[in-house]
Structures are given as C-alpha cells and as structure tokens.
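Below: the structure, in structure tokens.
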Amino acid sequence: MPDYTVTTTRYLGFADQNLTTLQSYILAEEDDHGGTGDFSWIISGISLAGRAIANKVRRARIDDVIGGLDSSNVHGEEQQKLDIIANEFIMRCLGDRADIGVLASEEGETPTIIRSPKEGGKYCVAFDPLDGSSNIDVSVGVGTIFSILKSDHEDFDDAEQLILQPGTKQVAAGYILYGSSVIFVLTTGHGVDMFVLDPAIGTFVQVASKLKMPDEKKIYSINEAYYDKFPAEYQNYLQWAHKNDYSARYIGSMVADVHRTLVKGGVFIYPPTGVHRKGKLRLMYEANPMGFIMEQAGGLAYADTDRIMDIEPEALHQRCSVIMGSKGEVENVLRFLRNGGES
Ligand code: P6P
C-alpha cells in the first residue's frame, strides 16, 4: 500500500507568496455573521467588481472610456463613462448574490430591491461605484466606497425604508482605492484590515491588520479655495493651523484623501460651503462607511458637531459636512466649532 503521508519538502524560500487572501480573511470573520457564508459571498462579489473596475480604470485611455457621457446623474452632475461602467459591474456582481436585499448606488435615484427579507434578502449595500471619477482623466487615485447594513424588518413600503439606517447599524464598510496599487480596506467592526491586489495572482492579499491611526498628525486636508465661504469657526481653525506648522494635503478624491489620513494620520474636512450648505459628501455611501473605518482605526468622524454615525438618515442621497481622521486632530477642529470659533 503506497504511503500517502505528505512529505513536507524543506522550505526553499522560493514560495514566498503571500497567500492570506481577502477570501480566507472573510471566511474567518464569517462566524460573526451566522457562519452561513452569505456575508463572505457579498465581500467576494465586491472584490470581483473591484478587480473588474481596476482593470477598466487602468485601461481607461486605451479603451477610450475617459470623460463624460453628455448626460447627468440624479444629482445633476455630468456622468463619467466609468461611473456607469463601475456601477454596472457592481450591480452585476452583487445582484445575483442570494442574500442581497437592496442595492443603493450614488448613480441610481432610488434603491433597487433585489429580493425582500422574506425572499432571503438579508443585506443592503449602499455604494459609490467610482468616487472622484473626474480625476481619472489625469490618473489621480479614485475609488469605490461601500456600506453594508442588514435589511431585517419584514414590512416596508419602499426600499428606502429598508436601507435608511444610521451608520451605527453598519455590519461592514470599506473602500477600494485605484491608485499606484489597488488597495482594499475593510472593517466588519473588529478593526480595520488592508489588502493589496497582487496582479501576479489576481487576488487581494492581506498586508495590514487592525490598523490604528496616530492620535495626532499635523496634516489637514481641505479645499481652501472655498475659504471665504466656510463658516467662521472653520476659518478660525485654519488660521490656527497655519500658525502651528501644519501641512496641507488635498487630492480632491475622497477615497485617496481618507486613505492617506488612515495611513499617515491628520484630518480630512469638507465643511459647509456657499454651494453645499450642508456639505458636499453623501451620508449613506461616503461619510458613514468612511466614518466607520476612521472610528475602527481609533479616529473620529463628525458632521459639524454631530457624530456622523449617529445621524438618522432621511433620504438616500442626503449630504453632510465631514471632519474625520486622527482623534486629536478632529478634536482640534471641534474645539473651534464648540467654542464659538475660539481655540
Ligand atoms: P471639491 C469628488 O468629486 C468628490 O465627490 C470627493 O471624492 C471629493 O472629496 C470631493 O468631491 C472634492 O470636492 O469641491 O473639493 O472638488
């Protein structure tokens, strides 16, 4: 009878391939979500869509999918070709996942009910398929942002009722940054983990676990072109920062600015402005997921003086202002907002 004992070959050092993949990570996390594999199936759907979007972003000029479509989205903003492509990829990759109930995209006026809770639709996913897409023309990092909630109540008149929940109800959130490398950052409420797409094997491999932001870092990220339109408290904070040796970093793509803040520390701010009196960024699929990540990494996330994740949403596309990042840096801004603009 042949001996089937596996003989472990001596480790030769040639197989130094990181094989801790996003999939294996999520399967390990699955137990916290009922252990049925449903939850990991959603993340694998987002991972697949992210790899397809990354390929399109890389090839945008080659495939001539740069620029706008001469059409506007529900917000009256010109749609970029890649916005539609990215949205299509995510809808296709998630639409056939058995436990998806509702999909809500920045590109869609109303959420899409895929299946009711009675039909097994357990989860809602709110997402911005390609945030910052206007930067693609100049090869600046852009990203996909997603927020996962449970759609657990049976009776509902419309999809918005299922998905309009405060950020504290998120079961997971994350983003995919299409930058110099493709980064997948995820939290399921047990810290923040980071994965990088290894093009050699076409999968996301884990590169960091339980990421923590430094409590302080003298970097602020804000579009100072709107300085004159900011509320006085924000202007006073900026004057204070100018006098206290801060550096300014602003990419103009939320995923890239927030990722830098996560990795290096600092504070990302989008205040109310003359055009966007409540702030420009979207609560459900930008501020909430990014706020979850920031808090899980030891930071803070506020909309003026309100914790972002406590906000009771009233509409899918509602906007809010944003102050998020290192705990000490967010507290510096809040000090000005709470003390009538004094430091
Ligand atoms: P502004 C990109 O258009 C976006 O939605 C976010 O990614 C980014 O943080 C913000 O808008 C930039 O806005 O007004 O500074 O160009």
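Which whole-number percent of Cα pairs in the range 260-305 have a distance greater than 15 Å?
On the way: 482 of 1035 pairs.
Counting every Cα pair in the range 260-305, those more than 15 Å apart make up 47 percent.
Rounded to the nearest 20 Debye, what is the dipole magnitude of the range 300-343 about its Cα centre when Lys and Arg each give +1 and Asp and Glu each give -1 at the C-beta? Don't skip to the end; give the middle numbers.
On the way: 5 positive and 8 negative charges, 28 e Å.
Dipole size: approximately 140 debye.
To the nearest 0.05, what FRET efficiency results for K278 and A200 with a Förster distance of 51 Å applied to their C-beta separation?
On the way: r = 45 Å, r/R0 = 0.88.
In this case the efficiency is close to 0.70.
Work out the count of Lys pairs in the range 4-208 where the Cα-Cα distance is under 25 Å, with the pair 8 or more places apart or on different chains.
Details: K56/K81; K118/K150; K118/K169; K122/K150; K122/K169; K150/K169.
Lysine pairs, 8 or more places apart or on different chains, close enough: 6.
To check my understanding: the extent here is largest minus smallest coordinate of the Cα atoms along each principal axis. What are those three numbers for the range 155-312, in Å, largest first?
For the range 155-312, the Cα extents along the three principal axes come out at 47, 46, 24 Å.
Please give the calculated 222 nm ellipticity per residue for the chain, where each DSSP H segment of at least 4 residues contributes -39500 (n - 2.57) and the sum is spread over every residue; nearest 500 deg cm²/dmol? If you can, show how the numbers build up before the last one.
Numbers: 8 runs with 93 residues, N = 343.
Rounded to the nearest 500, it is -8500 deg cm²/dmol.
Could you put K56, K212 in order, starting from the residue whose Cβ has the fewest other Cβ atoms within 10 Å?
Details: K56 19, K212 13.
Least to most surrounded, the residues fall as K212, K56.
Any idea what angle helix 38-58 forms with the longest principal axis of the chain, computed on alpha-carbon atoms, 0 to 90 degrees, nearest 10?
70
Can you pull the Kirkwood radius for the range 35-88, inverse mean 1/r over Cα pairs, to one decimal in Å? Display every interim value, and only then the final one.
Working: mean 1/r = 0.0787 Å⁻¹.
Here the Kirkwood hydrodynamic radius works out to 12.7 Å.
Which value results when the Cα radius of gyration for the range 185-241 is divided by 2.2 N^0.38 Å? Mind dumping the intermediate values first?
On the way: Rg = 18.3 Å, N = 57, 2.2 N^0.38 = 10.2 Å.
Normalised by 2.2 N^0.38 Å, the Cα Rg of the range 185-241 equals 1.79.
Fewest first, what order do F336, F184 take by the number of other Cβ atoms within 10 Å? Working shown, then result.
On the way: F336 22, F184 25.
In increasing order of surrounding Cβ atoms, one gets F336, F184.
Over the chain, what is the relative contact order in whole percent, taking alpha-carbon pairs under 8 Å and six or more residues apart?
Values: 714 pairs, mean separation 50.1, N = 343.
RCO, the chain: 15 percent.
Over the C-alpha atoms of the range 219-338, what are the Rg and the largest Cα-to-Cα span, Dmax, in Å?
13.0, 40
Can you compute 3J(HN,Hα) from phi for each residue in the range 307-315, using the Karplus curve 6.51 cos²θ - 1.76 cosθ + 1.60 with θ = phi - 60°, rounded to whole Hz and x for Gly and Pro?
My calculation for the range 307-315 gives 4, 4, 6, 8, 5, 7, x, 10, 8 Hz in order.
Can you give the convex hull volume per residue for the Cα atoms of the range 4-208, as a whole number of Å³?
Values: hull volume 32.3 nm³, N = 205.
Spelled out: Cα convex hull of the range 4-208, divided by residues, is 157 Å³.
Return the ratio Rg/(2.2 N^0.38 Å) for the range 40-162, where Rg is computed over Cα atoms only. Spell out each step's value before the answer.
On the way: Rg = 15.1 Å, N = 123, 2.2 N^0.38 = 13.7 Å.
Taking the Cα Rg and dividing by 2.2 N^0.38 Å, one obtains 1.10.
Which Rg and Dmax, in Å, describe the Cα atoms of the chain?
20.9, 84
Across the range 190-276, how many lysine pairs, 8 or more apart or on two chains, come within less than 27 Å at their alpha-carbon atoms?
Value for the range 190-276: 11.
Since every read-out is calculated from the coordinates, none of them should be taken as a lab result. The shown structure was predicted, so the numbers you read here are calculated from the model rather than taken from an experiment. Ideal geometry is used to build each Cβ from the backbone, glycine not excepted, and the neighbour counts take in all protein chains shown.
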